[in-house]
Amino acid sequence: MVKRLLLLSLTALAVTGLLVFEEREGKKSASGMVVVKIPSSFSEEALRGGKTFLKNCSSCHGKHASGKPGMGPPLVHKIYEPSHHNDSSFYRAVELGVKSHHWPFGNMARITGITRGEVGEIIAYVRELQRANGIR
């Protein structure tokens with residue numbers, strides 16, 4: 001009985017994490033592991049960062065930093081709030097890569113072909129998504 005309840009709970013959790021909602025500004029998006037509320041507008045810096053994120057990061061971290069099962073963690077998550085992972089953590093992750101420590105996704109390789117300025121724009125994009133989702 002306990003095993004059945006555990007299996008049902010895990011199945012429900014997996015299905016919930018994989019739901020896909022329509023993605024529009026001001027709506028919620030769950031194209032990955034967490035539901036992400038998309039702000040109705042972004043700063044110019046974050047708009048540029050969103051494009052760079054989509055090109056360089058979304059294959060692992062999801063279109064709106066919502067994570068991808070088996071690929072990469074959601075960045076719109078309390079673990080990545082600025083008081084725990086400040087902006088320098090993101091610069092280091094791109095420049096040096098990251099050893100797996102919070103999530104069971106494996107190590108992140110360093111990212112090449114992206115400037116420090118572009119990383120700053122990506123950070124602006126992620127932080128604006130985080131704020132829209134109550135992560136400060």
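Laboratory data are not the source of any read-out in this text; all were calculated from the coordinates shown. Computed from a prediction, not measured in an experiment: that's the story for all the values here. Cβ sites come from the backbone with ideal geometry, for glycine too, and all protein chains shown count toward neighbours.
Counting only residues 5 or more places away or on other chains, whose amide H sits under 5 Å from the amide H of LYS37 once H atoms are built in the peptide plane?
Amide H neighbours of LYS37, under 5 Å, 5+ apart: SER29.
Would you please classify the overall shape of segment 71-136 from the alpha carbon gyration tensor, given that a ≥ b ≥ c denote the square roots of the eigenvalues, rounded means a/c under 1.5, and beyond that prolate means a/b larger than b/c while oblate covers the rest?
Working: a/c = 1.97, a/b = 1.15, b/c = 1.71.
Oblate, because a/c is 1.5 or more while a/b does not exceed b/c.
Order of 49-62, 78-91 by packing, highest average Cβ count within 10 Å first?
Working: 49-62: 19.4, 78-91: 13.9.
The most tightly packed comes first, giving 49-62, 78-91.
Once you list every other residue whose beta carbon is under 14 Å from the beta carbon of ASN107, what net charge do they have if Lys and Arg are +1 and Asp and Glu are -1?
Neighbourhood net charge equals +3.
Relative to the present Cα-Cα distance, how much length would full extension add between SER83 and TRP103 at 0.36 nm per residue of separation?
Values: separation 20, 0.36 × 20 = 7.20 nm, distance 1.82 nm.
Full extension from SER83 to TRP103 adds 5.4 nm.
Could you please report the charge total around GLY117, scoring K, R as +1 and D, E as -1 over all other residues with beta-carbon less than 14 angstrom from its beta-carbon? Don't skip to the end; give the middle numbers.
Details: positive: ARG48, LYS51, ARG116; negative: GLU44, GLU45, ASP87, GLU95, GLU118, GLU121.
Taking every other residue near GLY117 into account, the sum is -3.
For segment 87-136 and segment 47-63, compute the distance between their C-alpha centroids and round to whole Å.
So the separation of the two Cα centres works out to 11 Å.
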